[in-house]
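> I'd like to ask some things about the structure below.
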Amino acid sequence: MPELPDIVVYLEALEQRILRETLERVTIAAPFLLRTAVPPIDSVAGRQVVALRRLGKRILIGLEGDLWLVLHLMIAGRLHWKERTQVSTAATVRARAKTLPAKNRLAVFDFSSGALLLTEAGAKRRASLHLVSGEAGLQRLDPGGLEVFEINLESFAEALQSENHTLKRALTDPRLLSGIGNAYSDEILWEGRLSPIALTQKLTSEEIECLFNSTRATLTKWTNLLRNAAAGAFPEKVTAFRPEMAVHGKYQQPCPRCGALVRRIRYASNETNYCPDCQTGGKLLADRALSRLLRSDWPRTADELEGLSRS
Ligand SMILES: [Zn+2]
């Protein structure tokens, strides 16, 4: 699932391409994608893009008249960009857009500068689009998690310990913290040498401070890394699995810090990767027992966690 670093880099690429441009039309190829009926989606046509923002893991495209397109890519949703060159007309941009496999194509947004395509791989349809009006409309979609770069250590500690959860769950709960998912939570916990199954209300103040710092450091490092990898081009290779990652997706590979083999704990439809030597005091606890612990600390699926709202 694209998380804060991926979304930030998407937004920077969009700013370069669609800010101050006109949204000429939206073509919805998959009806389940659009989750709102009012305002009608056709009402966006002809409006200029005036703002681009992030709301948790969602991308917000702000249009004249205080209308907001809210895109949630979930796990397999991805964006693609087809530039409109001086010789190509809107029709040829759309024609090229249609060369993408039809089964993956969810929507095409035609701007005066080019076409933004939304695709989703796989059979499950989870990505969503909302069209809402004003800040009140946005607020209804906000799960309420705090922005880790906008808060101090005290607010972070308070949010983290407001409920007693495993660290893995607390970091990825969109009601507590904004923009963190399965991939970067693994990297954050490795960076801080913290166990994914440590309970938030049992943490010492030193551990909380360490988590706060490693959360910021990891998200900053990855935002920079992804920005440099895109090098000004539209980010077409967004993935949760990167060779530079320390533990996420690295099951049975050596930890880059100590060389111990990376382990995994499977739960729900998810898994967490960690280094036993760096993070759990060298203890190799039974996968089954840990899975039970994490599963009991989780809604049934990762989707359900992402879908949790403030209420
Ligand atoms: Zn290690």
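The values are calculated or read from the model by the stated rules, or taken from the named source; none is laboratory data. All figures in this text were calculated on a predicted structure; none of them were measured in a lab. Neighbour counts run over all protein chains shown; Cβ positions are idealised from the backbone, glycine included. Surface accessibility is based on the protein's heavy atoms, side chains included, excluding ligands, DNA and RNA. Shrake-Rupley method; radii C 1.70, N 1.55, O 1.52, S 1.80 Å.
> Looking at the chain, what % of its DSSP beta bridges pair antiparallel, to the nearest 5?
On the way: 45 of 47 bridges.
Antiparallel: roughly 95 percent of the beta bridges in the chain.
> Assuming a ≥ b ≥ c are the square roots of the Cα gyration tensor eigenvalues, decide whether the range 214-256 counts as rounded (a/c under 1.5), prolate (otherwise, with a/b larger than b/c) or oblate. Mind dumping the intermediate values first?
On the way: a/c = 2.77, a/b = 1.49, b/c = 1.86.
Oblate, because a/c is 1.5 or more while a/b does not exceed b/c.
> Restricting to DSSP H runs of at least four residues, report the calculated mean residue ellipticity at 222 nm for the chain, -39500 (n - 2.57) per run over all residues, nearest 500 deg cm²/dmol.
Working: 10 runs with 100 residues, N = 311.
Calculated mean residue ellipticity at 222 nm is -9500 deg cm²/dmol.
> Check cross-link reach from Lys250 to the lysines: straight Cα distance under 18 Å, and skip same-chain residues fewer than eight apart.
Once the sequence-local lysines are set aside, what remains near Lys250 is Lys168.
> If you rank Glu24, Glu244 by how much accessible surface each has, with a 1.4 Å probe, what is the order from largest down? Write out the running numbers ahead of the final one.
Values: Glu24 75, Glu244 100 Å².
Largest accessible area first, the residues go Glu244, Glu24.
> Enumerate by residue number the GluC sites (Glu not before Pro) in the range 139-236 meeting two conditions: DSSP loop (anything except H, G, I, E, B), and at most 15 other Cβ atoms within 10 Å of the site's Cβ.
Values: sites: Glu147, Glu150, Glu154, Glu158, Glu163, Glu187, Glu191, Glu206, Glu207, Glu209, Glu236; in loops: Glu147, Glu150, Glu163, Glu236.
Hits after loop and neighbour filter: Glu147, Glu150, Glu163, Glu236.
> Order Met1, Met74 by their accessible area, 1.4 angstrom probe, all chains in place, largest first. Write down the numbers at each step before the final one.
On the way: Met1 45, Met74 20 Å².
Final ranking, largest accessible area leading: Met1, Met74.
> Here's another thing I want to ask about it. Return one whole number: the accessible area per residue of the chain in Å², for a 1.4 Å probe.
Numbers: 13940 Å² over 311 residues.
Counting only protein heavy atoms, the per-residue value for the chain is 45 Å².
> Select from the chain the helices, each a whole stretch of DSSP H, whose alpha-carbon atoms run 30 Å or more along the helix axis and whose Kyte-Doolittle mean is at least -0.5; answer none if there are none. Walk me through the intermediate numbers first.
Numbers: long enough: 205-230 (38 Å, -0.34).
Flagged H segments are 205-230.
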